[in-house]
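Note sheet for the following structure.
The values are calculated or read from the model by the stated rules, or taken from the named source; none is laboratory data. Predicted model only: the values in this text are computed from it and were never measured. Because the Cβ atoms are built from the backbone with ideal geometry, glycine has one as well, and the counts that use them run over all protein chains shown.
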2 protein chains.
Amino acid sequence: MLNNEITELLKIKYPIIQAPMAGGITTTELVSEVSNYGGLGMIGAGYMTPIQIRTQIREIKQLTSNSFGINLFVPNEFDVTDQEVKSVNQILRPIREQLNLHPIDSLEIPTFNHLLEEFNEQIKTVIEEKVPICSFTFGIPPREVIHELKQHHIILMGTATTVREALENEKAGMDIIVVQGSEAGGHRGNFTQGYQESLVGLMSLIPQVADNVSIPVVSAGGIMDGRGLTASICLGAKGVQMGTAFLTCVESGANELHKEEILNAHEDQTVLTRSFSGKYARGVKNKFISEMLQNEASLPDFPVQNILTKGIRKASSSQNNRDYMSLWSGQSPRLAKRQTVNALIKGVISEANNIRNGK
Amino acid sequence: MLNNEITELLKIKYPIIQAPMAGGITTTELVSEVSNYGGLGMIGAGYMTPIQIRTQIREIKQLTSNSFGINLFVPNEFDVTDQEVKSVNQILRPIREQLNLHPIDSLEIPTFNHLLEEFNEQIKTVIEEKVPICSFTFGIPPREVIHELKQHHIILMGTATTVREALENEKAGMDIIVVQGSEAGGHRGNFTQGYQESLVGLMSLIPQVADNVSIPVVSAGGIMDGRGLTASICLGAKGVQMGTAFLTCVESGANELHKEEILNAHEDQTVLTRSFSGKYARGVKNKFISEMLQNEASLPDFPVQNILTKGIRKASSSQNNRDYMSLWSGQSPRLAKRQTVNALIKGVISEANNIRNGK
């Protein structure tokens, strides 16, 4: 049961993928430890420059000879006016003041073409550095990109939140689909559908996707232990991608306050918000989310809002202030533990084996 | 695995409970067939009078000697002004016209005390007619009611959408907890928390509840087959409660159009709405839901809105018009089949056994 197409394709011992959480969480230590202990370590490279990517890949290769992967954000088109940026800056002004940040009056917003160029540079680096596995969020890369990656024998994983998105990923040539349930922490991966329709729980999503695609399915969202792994496999998945469970590990680069907030949170304390980045994402509710709620609909799209709140999130984090940080978490925070990657993976596998053996 | 505390407590062969869907779906035939084929048939008696309840219990006892159960709605306090009722009637006027219904200018709204009296009459009937199992939605009954039911050796099941609600049910003396995931169709069972916080997917909800209560847990929401049953058990549940899967069975009393709508729906086409009843519920999106969306926040609470839309739902249904019916469905409509109760239960159990045996 635990050895299947997924472990074969990804060349891993256990069908456990560490979710490629962006923003400094997937340290070299985290990624390499996951791969060393039989899972698939993943670099969350969405916000990284080609140089940062190259450096981290090389560091990881020093620490593990096992398979690992990288995740990139597929750029989405967006529309933004100077007026919108000004208006959000007005809303954010008192928060910046509270955090002793200088007010920002204008902001350099990259064009969509610029984002596409950056994406192509990231892809080039992944190929040059021979990363064996590459996954995507927020969409499907252009046909030429997929073609080139495949020519270099890189295994491709797409993200889907509905059957329709899974079918599009399969058609585009992905080798594996990660289905993201409504339980998942961090950004929603929906790209063809509204975020409301994309909020399907894994109990429903896994079997409906598995029935409709031929490529293997990996489930993501609220999975923390051997119970989640065996349940996912019963439902038709071949493996799991776990985010929050790895985020609170000692090797993760998440801020200590972020880890603590998850370790103290309950299942009913995470919410979906677009206030941090312009894209809906799930995290532990805090002051920023509550304060921005009334303006949520009028905030600019990703990545503009993300750029606008970057300084605030960074300052809040370095000042150990939970109020303005993005405290991403899935819906199972009560199952999170402060432990090593080794302990987490061992625990998941031994619990899964016990369940399979009816213990 | 399939024989456990739940099958023992409920005196059933398989840990499959037919969800007590209210509003004419749980016909005598449906309930008795579920019990005859080894599951637990349940009367959805939330909207039924004591006489209707008594009649159906007696009919069911003619058709099965096996265990069956009944579900009641715990009355909730509500506030409503004449002005609110008038304003909603104004909004509903064009819809009534379209369905050739007379306009309604005033409406007899029962008081909370009246609802409590009705509830006590329902309880009295359940005791007199010796129904072995009674479950509750929308809250926990008063202490005296629980005490009396227990004195008559009736097994009690409560509904919870979060760990906190599960703990309250356990403390109140429930024997079993049904945890309702965000995947579930029909009304949300949340009673201490807002509906947003109560939307926890089963992958997260089951293990977190199971870790925190000592009484057995039954999972509900999007479960349609042996995959859902085995996954639920892996996660820590002892059984499942299935609604949509039984709704499309030939024995169910759901309108044929309702069955067809589910059979043709996709996982991303159900939405949460309070437009039909004043309480959030999940169903297939239609014209009424879309049209009422802008007024949703200002609609009166359950049961007032439910009374206000009753004639509309009924007329829409009898005129075979999908636009104004409540098309309740969970998030797994792609897994629904038109089949007999016998075929459904046999299929679930044989699939579950195959999964357990690694086939």
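Hey, among the residues in the stretch B:148-158 that are within 24 Å of the chain's Cα centre (by Cα) and free of Cβ contacts under 8 Å to residues at least 24 places away in the same chain, which one's surrounded by the fewest Cβ atoms within 10 Å (Cβ to Cβ)?
B:HIS153
Here's a check for you: in the stretch A:205-217, which residue that is of a type in the set (A, V, I, L, M) and farther than 15 Å from B:ASP268 by Cα is farthest from the other protein chains (Cβ to nearest Cβ)? Spell out how you get there, then give the answer.
Residues of the stretch A:205-217 that are of a type in the set (A, V, I, L, M), as a first pass: A:205-206, A:209-210, A:213, A:215, A:217.
Now narrow it down to the ones that are farther than 15 Å from B:ASP268 by Cα: A:210, A:213, A:215, A:217.
Values: A:ALA210: 8, A:VAL213: 13, A:ILE215: 18, A:VAL217: 12 Å.
Selected residue: A:ILE215.
Residues of the stretch B:36-59 being within 15 Å of B:CYS134 (Cα to Cα) and part of a helix (DSSP H, G or I), which ones?
Hits for the stretch B:36-59 are B:PRO50, B:ILE53, B:ARG54, B:GLN56, B:ILE57.
Pick from A:PRO75, A:PRO20: which is under 13 Å from the mean Cα position of the chain (by Cα) and outside any strand (DSSP E or B)?
On the way: A:PRO75 fails: under 13 Å from the mean Cα position of the chain (by Cα).
Testing whether each residue is under 13 Å from the mean Cα position of the chain (by Cα) and outside any strand (DSSP E or B) leaves just A:PRO20.
Out of everything in the stretch A:159-195 that is free of Cβ contacts under 8 Å to residues at least 40 places away in the same chain and among the basic types (Lys, Arg), what residue ends up being nearest to B:HIS266 (Cα to Cα)?
A:ARG164
Provide a single number: the residues in the stretch B:247-268 that are touching a Pro at 6+ places or on another chain (Cβ under 9 Å) and under 23 Å from B:ILE95 (Cα atoms).
1
Taking the residues in the stretch A:294-323 that are of a type in the set (D, E, K, R), under 27 Å from A:HIS266 (Cβ atoms) and out of contact with any Phe, Trp or Tyr (no Cβ under 8 Å at 6 or more places or on another chain) as candidates, determine which candidate is modelled with the lowest pLDDT. Lay out the reasoning, then the answer.
First, pick out the residues of the stretch A:294-323 that are of a type in the set (D, E, K, R): A:296, A:301, A:310, A:313-314, A:322-323.
Next, only the ones that are under 27 Å from A:HIS266 (Cβ atoms) stay: A:296, A:313, A:322-323.
Next cut, out of contact with any Phe, Trp or Tyr (no Cβ under 8 Å at 6 or more places or on another chain) only: A:296, A:322.
Details: A:GLU296: 89, A:ARG322: 96.
By that ranking, first place goes to A:GLU296.
Among the listed residues A:LEU327, A:LEU293, A:LEU299, identify the single one that is farther than 24 Å from A:THR248 by Cα and either away from chain B (no Cβ under 14 Å) or touching a residue at least 24 places away in the same chain (Cβ under 8 Å) (or both). Can you show your working first?
Values: A:LEU327 fails: farther than 24 Å from A:THR248 by Cα; A:LEU293 fails: either away from chain B (no Cβ under 14 Å) or touching a residue at least 24 places away in the same chain (Cβ under 8 Å) (or both).
It is A:LEU299.
Mind listing whichever residues of the stretch B:63-117 are loosely packed, with under 15 Cβ neighbours inside 10 Å, more than 27 Å from B:LYS287 (Cβ to Cβ) and free of Cβ contacts under 8 Å to residues at least 40 places away in the same chain?
Listed by number, the residues that qualify are B:SER65, B:GLU77, B:THR81, B:ASP82, B:GLU108, B:THR111, B:PHE112, B:ASN113, B:HIS114, B:GLU117.
Limited to the stretch B:33-55, what total is found for residues that are farther than 25 Å from B:ARG188 by Cα and in contact with a Phe, Trp or Tyr (Cβ under 7 Å, 6 or more places away or on another chain)?
Residues of the stretch B:33-55 farther than 25 Å from B:ARG188 by Cα: B:33, B:35-38, B:51, B:54-55.
Checking the rest, the ones that are also in contact with a Phe, Trp or Tyr (Cβ under 7 Å, 6 or more places away or on another chain) come to B:35, B:38.
Going through the stretch B:33-55 one residue at a time, the tally reaches 2.
Would you pick out the residues in the stretch B:166-184 that are over 14 Å from the mean Cα position of the chain (by Cα), part of a loop (DSSP other than H, G, I, E, B) and surrounded by 19 or more Cβ atoms within 10 Å (Cβ to Cβ)?
Matches in the stretch B:166-184: B:MET174, B:ASP175.
Restricted to the stretch A:331-348, and to residues that are within 14 Å of chain B (Cβ to nearest Cβ) and among the hydrophobic types (A, V, I, L, M, F, W, C), which residue is nearest to B:THR161 (Cα to Cα)? Let's see the steps before the verdict.
Going residue by residue through the stretch A:331-348, those that are within 14 Å of chain B (Cβ to nearest Cβ) are A:331-337, A:347-348.
From what is left, the residues that are among the hydrophobic types (A, V, I, L, M, F, W, C) are A:335-336, A:348.
On the way: A:LEU335: 17, A:ALA336: 20, A:VAL348: 26 Å.
Once the filter is applied, the top-ranked residue is A:LEU335.
Would you confirm whether or not the stretch B:278-288 contains a residue that is touching a Ser or Thr at 6+ places or on another chain (Cβ under 8 Å), assigned to a helix (DSSP H, G or I) and either on the phi < 0 side of the Ramachandran plot or at pLDDT below 95 (or both)? Break it down stepwise before answering.
Within the stretch B:278-288, the first condition is being touching a Ser or Thr at 6+ places or on another chain (Cβ under 8 Å), and the residues that meet it are B:280-285, B:288.
Then drop every residue that is not assigned to a helix (DSSP H, G or I), which leaves B:288.
The next check asks that each one be either on the phi < 0 side of the Ramachandran plot or at pLDDT below 95 (or both); those that pass are B:288.
Checking the stretch B:278-288: at least one residue is touching a Ser or Thr at 6+ places or on another chain (Cβ under 8 Å), assigned to a helix (DSSP H, G or I) and either on the phi < 0 side of the Ramachandran plot or at pLDDT below 95 (or both).
Looking only at the stretch A:171-189, count how many residues are at the interface with chain B (Cβ under 7 Å from one of its Cβ atoms) and within 24 Å of A:ILE154 (Cβ to Cβ). Before the answer, list the steps.
Restricting attention to the stretch A:171-189, the residues satisfying the condition of being at the interface with chain B (Cβ under 7 Å from one of its Cβ atoms) are A:181-183.
After this cut, where a residue has to be within 24 Å of A:ILE154 (Cβ to Cβ) as well, the list is none.
Residues flagged as at the interface with chain B (Cβ under 7 Å from one of its Cβ atoms) and within 24 Å of A:ILE154 (Cβ to Cβ) within the stretch A:171-189 amount to 0.
Which residues, counting only those in the stretch A:324-359, are part of a helix (DSSP H, G or I), out of contact with any Phe, Trp or Tyr (no Cβ under 6 Å at 6 or more places or on another chain) and over 14 Å from A:ILE16 (Cβ atoms)?
A:PRO333, A:ARG334, A:LEU335, A:ASN354, A:ILE355, A:ARG356
Looking at A:SER290, is it out of contact with any Asp or Glu (no Cβ under 8 Å at 6 or more places or on another chain) and hydroxyl-bearing (Ser, Thr, Tyr)? Don't jump to the end; show me each part of the working.
On the way: out of contact with any Asp or Glu (no Cβ under 8 Å at 6 or more places or on another chain): yes; hydroxyl-bearing (Ser, Thr, Tyr): yes.
Spelling it out, A:SER290 is indeed out of contact with any Asp or Glu (no Cβ under 8 Å at 6 or more places or on another chain) and hydroxyl-bearing (Ser, Thr, Tyr).
Name the residue, out of A:LEU202, A:LEU229, A:LEU247, that is under 27 Å from A:VAL284 (Cβ atoms), surrounded by 24 or more Cβ atoms within 10 Å (Cβ to Cβ), touching a residue at least 60 places away in the same chain (Cβ under 8 Å) and facing chain B (nearest Cβ under 10 Å).
When all the criteria are applied, what remains is A:LEU229.
Please verify whether A:THR192 is under 20 Å from B:GLY221 (Cβ atoms) and either within 14 Å of chain B (Cβ to nearest Cβ) or surrounded by fewer than 24 Cβ atoms within 10 Å (Cβ to Cβ) (or both), treating the condition exactly as stated. Even if it seems obvious, please write down each step before you answer.
Details: under 20 Å from B:GLY221 (Cβ atoms): no; either within 14 Å of chain B (Cβ to nearest Cβ) or surrounded by fewer than 24 Cβ atoms within 10 Å (Cβ to Cβ) (or both): yes.
The answer is no for A:THR192.
Could you tell me which of the residues A:VAL284, A:VAL348 is under 22 Å from the mean Cα position of the chain (by Cα) and within 20 Å of B:GLU197 (Cα to Cα)?
Details: A:VAL348 fails: within 20 Å of B:GLU197 (Cα to Cα).
Every option except A:VAL284 fails the conditions.
Would you check if there is a residue in the stretch A:1-9 being aliphatic (A, V, I, L, M), farther than 25 Å from A:LYS346 by Cα and in a loop (DSSP other than H, G, I, E, B)?
Within the stretch A:1-9, the subset aliphatic (A, V, I, L, M) is A:1-2, A:6, A:9.
Imposing the further condition that a residue be farther than 25 Å from A:LYS346 by Cα reduces the set to none.
There is no residue in the stretch A:1-9 that is aliphatic (A, V, I, L, M), farther than 25 Å from A:LYS346 by Cα and in a loop (DSSP other than H, G, I, E, B).
Which condition breaks for B:ALA220 when tested against (1) within 13 Å of chain A (Cβ to nearest Cβ); (2) crowded, with 21+ Cβ neighbours inside 10 Å; (3) within 23 Å of B:ILE95 (Cβ to Cβ); (4) touching a strand residue (DSSP E or B) at 6+ places or on another chain (Cβ under 6 Å)?
(3)
Using the structure shown, decide if B:ASP211 is at pLDDT 95 or above, of a type in the set (Asp, Glu) and surrounded by fewer than 18 Cβ atoms within 10 Å (Cβ to Cβ).
On the way: at pLDDT 95 or above: yes; of a type in the set (Asp, Glu): yes; surrounded by fewer than 18 Cβ atoms within 10 Å (Cβ to Cβ): yes.
Taking the combined requirement at face value, the residue satisfies it.
Does the stretch A:127-147 hold any residues that are outside any helix (DSSP H, G or I), without any contact (Cβ under 8 Å) to a residue 24 or more places away in the chain and closer than 20 Å to A:PRO75 by Cβ, and which are they?
Looking only at the stretch A:127-147, we keep the residues that are outside any helix (DSSP H, G or I), and these are A:129-142.
Pick out the ones that are also without any contact (Cβ under 8 Å) to a residue 24 or more places away in the chain and you get A:130, A:142.
A:PRO142 - this is the single residue of the stretch A:127-147 that is outside any helix (DSSP H, G or I), without any contact (Cβ under 8 Å) to a residue 24 or more places away in the chain and closer than 20 Å to A:PRO75 by Cβ.
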